[in-house]
C-alpha cells in the first residue's frame, strides 16, 4: 500500500491495549505486561469492560470511553470482534493498529467475507494501517514500545529486523540478548493483510535510527513494489535477507542480487551478517590479510578463504603463541600501513588462540585504538570459551566485528565481499549498445498479432526466425541447422530461455545448451537467472555467474579447449531477448537452444515462442525503459528529443555536467561540485521509471553523437502524495525556453501518475527556478531553513 501513518505505528504518543487482562494465558495479559515493563513513556490505556484498573492503570470499558484517539491500538480480542473495533477506532481518529488476534483469514461472516477482509474493508476509509493479523507484533526499543508477545527489554540499536516467521523473530530477540545487540525496530508481519515487506523497506530506508535491515522472507506479495523499495533501501544501508530454499529459489536469488541485497542461507549466517555489516566499514577491494598466533589457525582460515573463492593478501603473518600485545600491534600496523610499494590489503583478519602467558583482553585493548584509527576493516576471532569472552567484549564494545571461529570470520569477510559486489552492480555504468541492435518492434508485433489471431500460441520455424530477427537475433532457417554448423564445430552450445515466474513475472535463464546441457544436468552454477530489463553490465554478470563462463573466455579446463567466444555478442543477444520480453506482453516463454557462440558471434539453431493472454503492465518486477514516453519537439528550428534518461546516458551526462557554470552547479546542488562521483552518476542515470523519473533533452551533434542539453527529475514518495523535483539546463542554453519544455514534460508525467503535487527547495537567490514555478501556477514561500525557499505546484484538482 504505502507508508502512510507509519510514524503512529512506530513512535506512538498513546497506546490502547484492547482486550487487556491479567488472566494467565491471555494475549491481552502478555501485551499489557510487556508494555508496562518496557519503559514506554507515552499514555497507556487498557481496554476491557471487566476491569476498573489493571496494573494500577485506569482501564476503560470500551473504545468509545477512551479519553482520546490512541495513536496505536493493539487488538487482542476474539476474531469476530476485530472488524467492528477497527471501524470504531477509525471513526475515533486512530490511524495504526497491531492486530495480534490470529485466525481471521479462516473465519467468515454471514456474507461469506473472511474476517480478515472485513477488517481491511473497515480500515480503508480511514487509512488506518494494520500490522498483522496474528504474528508476534512489533518492538521499537528507542521509545520503549513493546507491542508484542515477546518478552524483551532490548537496548536501542541500529538494526531493524523484519520477519515473516514468529519463531525466527523470537530467536532473533534471544540472539540479541545473548550478544548484547540492540534493535531499532523489530516487526513480525503476521498475516500481511495490509503492511508488507515493501512498505517496511520504504519506511526504513529513510529511518535515521536504522543502520542495517535484516529480513526473514518466506514469499514476496508485490514484486515491483518490493524491488523498488529494496533498491532504494539497499543504496542507503545494508539489507540482509534470509530465505529458505524452495521452488523458484534461483529467481529469488536473482531478485535479491538485483536489488543490491545480501542473501544468506542459514540463521547463523543472518546474525553473522548483522555482526559484520552493521560494524564494518565499506570494503574497497576483496583481499584479506591474516595475522595470528598459531600456524594451524592461519591454515584453517586460508583454506576456508580459498574454498569460498576469496583472495588472500600475501602470506599470513604468524606470531608465536605467547606473542605479547605490542607484537600484535606492530604486525597489524605493518599490514594496515605497509611500506611504500607494498600491496595494501582491503581487510585484516586477526586470529588469537588462548595462551597461558598472554592476557587476551589486554591484547584486544591494545589493538582497539590502532584499528579504529586505521579506517580499515579488521575482523577478529578470539578462539576459545569463557577465557576469551573479555577479549570479545572489548572489541564488541568498540564496535568491531568479532567471531567465535576462523571459519565464521572468513564467512563474515566473504559476506562483505558479496555485498560489495551487489552494490557495485547497482552503480556500474553499462556501455552503449550499437545502433544496429535497435529492434524493429512493429514488424515483430505484427507477426505475433497474426499468430494470435490465427489461434496459435506456439510460434516456431520461419515465424520465430522473423520475430527474433526483428530484434537482431539470428536464427538458422528451418532445415538449415546442419549447414549452419559448418565451420563452427568448436562453437560453444548454450541456451537462453525465458519463463514466467508467478511472482516476479518474466525471468531470463542462461547456461549450457544442446547436448552439453544433458551431460552436466543438475550441477551447480550451470545456469544463472536474471530479471529483465538487462543492460551490458547485467548481461555480463549473468554470463559470468555460470560455470561455462571460463570456457567462453577460452580458459582451458583439463585437456579440452574451445576457442573463446565473442562475449559482447552474447551479451547483446541477452539484451535483445530482454527487449523482446519488455515489448511483448503476450510472451509466456522463449527457448533458444542450442545457441552457438564463438568468435564469429552467436547463432540460434532452434527457437520457440509460447504466447498467451497479455500480462498486466505491473507483472514485470522491474519496469523496463518506457519508450512510449519518448517525444520529438521542435526547438530553435531543429528537432529535440525529450525522453527518460537511460543508464547508457552516463558519458553524455558527465559531459553535460562539465559544461555547467560553477554558479549553476551551486544553485542546483547547494554546494560547489567540480565533478560527479561515479556513484552519483549511477543514481542519476539508473532510475526505476515509476516513482523516480528523469527526462533529458537530447540532440545529435554535427559528428552524429548524442548530447544532453538539460535534465529534469523528480522522485515521488511511497504514498504518491508529493514528488520532489529538480531541473538543470546547460549554462550556455539558458533563457531559450528549454527549461519550460522539460518542466512541462515532468508535470504531465506526474499528473498522469496521480501524484498530488510537485515540491522542491531552492536557494532564495535562485530567481530562475522561482519564476519557472510561478509560470506553472505554483507557489514560492520562505523556508524554515534560512536562505532557502519552498517550491510547490499542485497537480490534481480536488
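Of all residues in the stretch 392-414, those satisfying the criterion of being in a helix (DSSP H, G or I), touching a helix residue (DSSP H, G or I) at 6+ places or on another chain (Cβ under 6 Å) and farther than 17 Å from residue 306 by Cβ are 394, 395.
All of (1) outside any loop (DSSP other than H, G, I, E, B); (2) over 37 Å from the mean Cα position of the chain (by Cα) hold for residue 91 with one exception: (2). Residues that are surrounded by fewer than 20 Cβ atoms within 10 Å (Cβ to Cβ), in a strand (DSSP E or B) and at pLDDT 95 or above are absent from the stretch 728-745.
Residues are listed down the side, and each one gets a yes or a no for (1) out of contact with any helix residue (DSSP H, G or I) (no Cβ under 7 Å at 6 or more places or on another chain); (2) modelled with pLDDT under 90; (3) under 23 Å from residue 227 (Cα atoms):
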| position | (1), (2), (3) |
| --- | --- |
| 513 | yes, no, no |
| 534 | no, no, yes |
| 539 | no, no, yes |
| 557 | no, yes, no |
| 560 | yes, yes, no |
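Applying the selection to the stretch 423-474, what residues are part of a loop (DSSP other than H, G, I, E, B), out of contact with any helix residue (DSSP H, G or I) (no Cβ under 7 Å at 6 or more places or on another chain) and at pLDDT 80 or above? Scanning the stretch 423-474 gives 454, 455, 456, 457, 460, 474. When residue 20 is tested against (1) buried (at least 17 other Cβ atoms within 10 Å of the Cβ); (2) under 38 Å from the mean Cα position of the chain (by Cα), just one condition goes unmet, and that condition is (2).
Does residue 187 meet the test of being outside the structural domain of residue 504 (by TED's automatic domain parsing), surrounded by 24 or more Cβ atoms within 10 Å (Cβ to Cβ) and touching a residue at least 24 places away in the same chain (Cβ under 8 Å)?
yes
State whether the residues of the stretch 383-390 include one that is in contact (Cβ under 8 Å) with a residue 40 or more places away in the chain, outside the structural domain of residue 680 (by TED's automatic domain parsing) and closer than 27 Å to residue 176 by Cβ. Within the stretch 383-390 (the criterion being in contact (Cβ under 8 Å) with a residue 40 or more places away in the chain, outside the structural domain of residue 680 (by TED's automatic domain parsing) and closer than 27 Å to residue 176 by Cβ), the answer is yes, since at least one residue qualifies. On inspection, residue 703 does not qualify as more than 26 Å from residue 206 (Cβ to Cβ) and either crowded, with 20+ Cβ neighbours inside 10 Å or in contact (Cβ under 8 Å) with a residue 60 or more places away in the chain (or both). Inside the stretch 125-147, residues that are surrounded by fewer than 24 Cβ atoms within 10 Å (Cβ to Cβ), under 27 Å from the mean Cα position of the chain (by Cα) and within 23 Å of residue 104 (Cβ to Cβ) make up a count of 3. Those helices (runs of 4 or more DSSP H) of the stretch 246-312 in which at least 2 residues are outside the structural domain of residue 397 (by TED's automatic domain parsing), in contact with a strand residue (DSSP E or B) (Cβ under 9 Å, 6 or more places away or on another chain) and surrounded by 18 or more Cβ atoms within 10 Å (Cβ to Cβ), considering only elements entirely within it, cover 249-258, 267-279.
Tell me, which residue of the stretch 369-391 that is surrounded by fewer than 16 Cβ atoms within 10 Å (Cβ to Cβ) and part of a helix (DSSP H, G or I) is nearest to the chain's Cα centre (by Cα)? This residue is 372. The conditions of being under 25 Å from residue 689 (Cβ atoms) and either modelled with pLDDT under 90 or assigned by TED's automatic domain parsing to the domain that holds residue 589 (or both) are not met by residue 519.
Of 66, 44, 27, all but one fail to be surrounded by fewer than 22 Cβ atoms within 10 Å (Cβ to Cβ), in contact (Cβ under 8 Å) with a residue 24 or more places away in the chain, touching a helix residue (DSSP H, G or I) at 6+ places or on another chain (Cβ under 6 Å) and in the same structural domain as residue 128 (by TED's automatic domain parsing); the exception is 44. For the stretch 773-785, state whether one or more residues are out of contact with any helix residue (DSSP H, G or I) (no Cβ under 7 Å at 6 or more places or on another chain), buried (at least 17 other Cβ atoms within 10 Å of the Cβ), touching a residue at least 40 places away in the same chain (Cβ under 8 Å) and not in a loop (DSSP other than H, G, I, E, B). No, the stretch 773-785 has no match at all.
Within the stretch 577-624, the set of residues being in contact with a strand residue (DSSP E or B) (Cβ under 7 Å, 6 or more places away or on another chain), part of a loop (DSSP other than H, G, I, E, B) and either in the same structural domain as residue 543 (by TED's automatic domain parsing) or within 22 Å of residue 453 (Cβ to Cβ) (or both) comprises 586, 605, 606, 612, 615.
Surrounded by 13 or more Cβ atoms within 10 Å (Cβ to Cβ), in the same structural domain as residue 767 (by TED's automatic domain parsing) and outside any loop (DSSP other than H, G, I, E, B): does that describe residue 632?
no
Does the stretch 331-343 include one or more residues that are closer than 14 Å to residue 416 by Cβ and either free of Cβ contacts under 8 Å to residues at least 60 places away in the same chain or assigned to a loop (DSSP other than H, G, I, E, B) (or both)? No.
Across the stretch 522-532, the qualifying residues are those that are over 20 Å from the mean Cα position of the chain (by Cα) and either assigned to a loop (DSSP other than H, G, I, E, B) or modelled with pLDDT of 95 or more (or both), and the one among them that is nearest to residue 424 (Cα to Cα) is 525.
Among the criteria (1) modelled with pLDDT of 95 or more; (2) under 31 Å from the mean Cα position of the chain (by Cα); (3) crowded, with 16+ Cβ neighbours inside 10 Å, the one residue 150 does not fulfil is (1).
The values are calculated or read from the model by the stated rules, or taken from the named source; none is laboratory data. These numbers were taken from a predicted model, which means no experiment stands behind them. Cβ coordinates were reconstructed from backbone atoms using ideal geometry, including for glycine residues, and neighbour counts include every protein chain displayed.
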